[in-house]
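Student: I'd like to ask you about the structure that follows.
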Amino acid sequence: MTTATNIPAEAEGAESEAPDRSLFGWYREAPRKTRRVFWTVFGGWVMDAADAQVFQYLIPLLIMSLGITLTEAGSIASASYFAAAIGGWLGGWLCDRYGRARILIVTILWFSVFSFLSGFAQNYEQMLVIRVLHGIGFGAEWAVGAVLLGEMINPRHRGKALGAVQSGAPIGSGIAALMAGPVAASFDPDIGWRIAFWAGLAPALLIFFIRKGSDDSQIFKDTHAKLKAENRSVGLGAIFNRKVVWITLLASMLSLGVQGAAYSVANYLTSFMTVERGLTQTVAGLLVLVNSAGGFFGCIANSYISDVMGRRTVFRLFGFGFLIMASIYLFGPWGGNLWFLVPIGMIYGFFQFGMYASFGPYFTELFPTEIRGSGQAFAYNSGRAGAALFILAVPITAQFMPLSAAMATMGIVGIACALIPTLILPETVGRALSPGQEPVTDRSDA
């Protein structure tokens, strides 16, 4: 196992002489600047997730108000995901070149503004263009924030810190469900969905907690100075050079598998609940909220297990847990009995959202500092864009089998795709980060 043997003694990540081993000791050990960055990134991820998923939840209202078809609504969602892949790669490269904190400000402003503008769309074409532009900033924000915090936190606590940040995703999903449900329903149908989008401007307030260059990690500053002294720059395609291309491809495959599996089930849960369980749309939506609550605890649990047992092991544990609980949720003889669906749904959500929690620390440790932003952003967002193919495959497969079976089938394919990289990529838990370090090459522990 690759472990940290020489943790850089920088103030933002250095251990105290008597480390606090309590549940949230990692947070109390962190310097004030690191805590501020943590809350900024956490808030960004909450609203990032809310802003991305509110569109999915608003589709019925958009179809009615804008006169678009379900296919057109789906094409807007897919186009936004593909734009996120491009925006994430570009944003990651820019944060490697110009600084993590500076580009984080830009990405938060970008997706906030275009979320706000989504509320003014009058037809399919306008919504498509606005959501594609929104996707560019949405894709970049996750990776830039993860890189910034991952470089600042003590390596011993990297999994816990980034896992805690990832727990903002299920919170964001819950906010999106509330905005698209009770909030939007409180207004005229033609204005309710617009208000839900206009609320997406709120994340812009987070930029007042980031101080541009002064909030960049010392590791980035040293690496940037080293590149400048050598009169050298890193190109957009550096993540595909001979030394790191295998890391880029395998990390992308891991991301594709996890997100493809999760989307295959999660995106059709409300349809499954109404069609096969006989529940109303309102009750189905409330069950999605229950799943999100379970996901919060899943992210926290993953983050602690990851720092103890390793990144690869936790992906395997949560991947198998997801398959088991998704099967019980989809095929159990519960009918529409909420006494069973609520607790089982919470445990299912624990694994579905929890699978994501180790992306941040693992990708931070896999890529060298000078290409960490572009590598991490490309791997995560290419997986997210590719996962759109899993979403499309479910209704196609459902032509030959029940919807629940189609969802489970694509979920199995996704987890199988995710497990392969965990057998090849190295273990990196606790890896110290330093300027100019080489990519991880030791795969003997795979």
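The values are calculated or read from the model by the stated rules, or taken from the named source; none is laboratory data. In this text, all values refer to a predicted model and were calculated from it rather than measured experimentally. No Cβ is skipped: glycine too gets one built from the backbone with ideal geometry, and neighbour counts run over all protein chains shown. Ligands, DNA and RNA are stripped out before the accessible areas are found, and what is left, the full protein with its side chains, is counted by its heavy atoms. Shrake-Rupley method; radii C 1.70, N 1.55, O 1.52, S 1.80 Å.
Student: Just give me the residues in region 54-65 being modelled with pLDDT of 85 or more and crowded, with 18+ Cβ neighbours inside 10 Å, in sequence order.
Tutor: The answer is 62, 65.
Student: Show the residue pairs that are 6+ apart or on different chains and have beta-carbon atoms under 6 Å apart, the first residue being within region 186-202 and under 22 Å from residue 105 (Cβ atoms), the second being open to solvent by 60 Å² or more (accessible area, probe 1.4 Å) and assigned to a helix (DSSP H, G or I).
Tutor: Partner pairs satisfying both residue conditions: 198/116; 200/116; 201/116.
Student: Taking only region 182-212 into account, find how many residues are more than 23 Å from the chain's Cα centre (by Cα) and open to solvent by less than 30 Å² (accessible area, probe 1.4 Å).
Tutor: 4
Per-residue answers, yes or no, for (1) at pLDDT below 95; (2) within 15 Å of residue 359 (Cβ to Cβ); (3) among the small types (Gly, Ala, Ser):
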| position | (1), (2), (3) |
| --- | --- |
| 381 | yes, yes, no |
| 386 | yes, yes, yes |
| 391 | yes, no, no |
| 416 | no, no, yes |
| 420 | no, no, no |
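Student: Step by step: first the residues of region 360-419, then only those that are over 27 Å from residue 151 (Cβ atoms) and hydroxyl-bearing (Ser, Thr, Tyr), then the one that is least open to solvent (accessible area, probe 1.4 Å). Which residue is that?
Tutor: Residue satisfying both the conditions and the ranking: 404.
Student: Residues 77, 85, 121: which one is under 21 Å from residue 260 (Cα atoms) and in contact with a helix residue (DSSP H, G or I) (Cβ under 6 Å, 6 or more places away or on another chain)?
Tutor: 85
Student: I need a count of the residues in region 281-312 that are under 16 Å from residue 163 (Cα atoms) and either crowded, with 17+ Cβ neighbours inside 10 Å or under 17 Å from the mean Cα position of the chain (by Cα) (or both).
Tutor: Total satisfying the criteria: 19.
Student: Could you tell me whether any residue of region 236-251 is among the aliphatic types (A, V, I, L, M), open to solvent by 50 Å² or more (accessible area, probe 1.4 Å), in a helix (DSSP H, G or I) and closer than 29 Å to residue 50 by Cβ?
Tutor: No, region 236-251 contains no residue that is among the aliphatic types (A, V, I, L, M), open to solvent by 50 Å² or more (accessible area, probe 1.4 Å), in a helix (DSSP H, G or I) and closer than 29 Å to residue 50 by Cβ.
Student: Looking at (1) in contact (Cβ under 8 Å) with a residue 12 or more places away in the chain; (2) open to solvent by 60 Å² or more (accessible area, probe 1.4 Å); (3) of a type in the set (Phe, Trp, Tyr), which one does residue 339 not meet, given that it meets all the others?
Tutor: Only one criterion in (1) in contact (Cβ under 8 Å) with a residue 12 or more places away in the chain; (2) open to solvent by 60 Å² or more (accessible area, probe 1.4 Å); (3) of a type in the set (Phe, Trp, Tyr) is unmet by residue 339, namely (1).
Student: With region 359-432 as the region, which helices (runs of 4 or more DSSP H) entirely inside it contain at least 1 residues that are within 21 Å of residue 87 (Cα to Cα)?
Tutor: In region 359-432, 359-366, 372-397 are the helices (runs of 4 or more DSSP H) which contain 1 or more residues that are within 21 Å of residue 87 (Cα to Cα).
Student: Are any of the residues in region 414-421 more than 14 Å from residue 257 (Cα to Cα) and not acidic (Asp, Glu)?
Tutor: The answer is no; no qualifying residue exists.
Student: Identify the residue in region 423-446 that is modelled with pLDDT of 80 or more and either within 12 Å of residue 260 (Cβ to Cβ) or out of contact with any Ser or Thr (no Cβ under 8 Å at 6 or more places or on another chain) (or both) and, among all such residues, is most open to solvent (accessible area, probe 1.4 Å).
Tutor: 423
Student: Out of 270, 274, I need the residue that is without any contact (Cβ under 8 Å) to a residue 12 or more places away in the chain, assigned to a helix (DSSP H, G or I) and surrounded by 15 or more Cβ atoms within 10 Å (Cβ to Cβ). Which one?
Tutor: That would be 274, the only listed residue that is without any contact (Cβ under 8 Å) to a residue 12 or more places away in the chain, assigned to a helix (DSSP H, G or I) and surrounded by 15 or more Cβ atoms within 10 Å (Cβ to Cβ).
Student: Tell me whether region 20-42 contains one or more residues that are hydrophobic (A, V, I, L, M, F, W, C), modelled with pLDDT under 80 and surrounded by fewer than 20 Cβ atoms within 10 Å (Cβ to Cβ).
Tutor: Checked against the condition, which is being hydrophobic (A, V, I, L, M, F, W, C), modelled with pLDDT under 80 and surrounded by fewer than 20 Cβ atoms within 10 Å (Cβ to Cβ), region 20-42 yields at least one hit.
Student: Residues to consider are 90, 117, 94; find the one that is over 26 Å from residue 358 (Cβ atoms), part of a helix (DSSP H, G or I) and more than 15 Å from the chain's Cα centre (by Cα).
Tutor: Result: 117 is the single residue among 90, 117, 94 that is over 26 Å from residue 358 (Cβ atoms), part of a helix (DSSP H, G or I) and more than 15 Å from the chain's Cα centre (by Cα).
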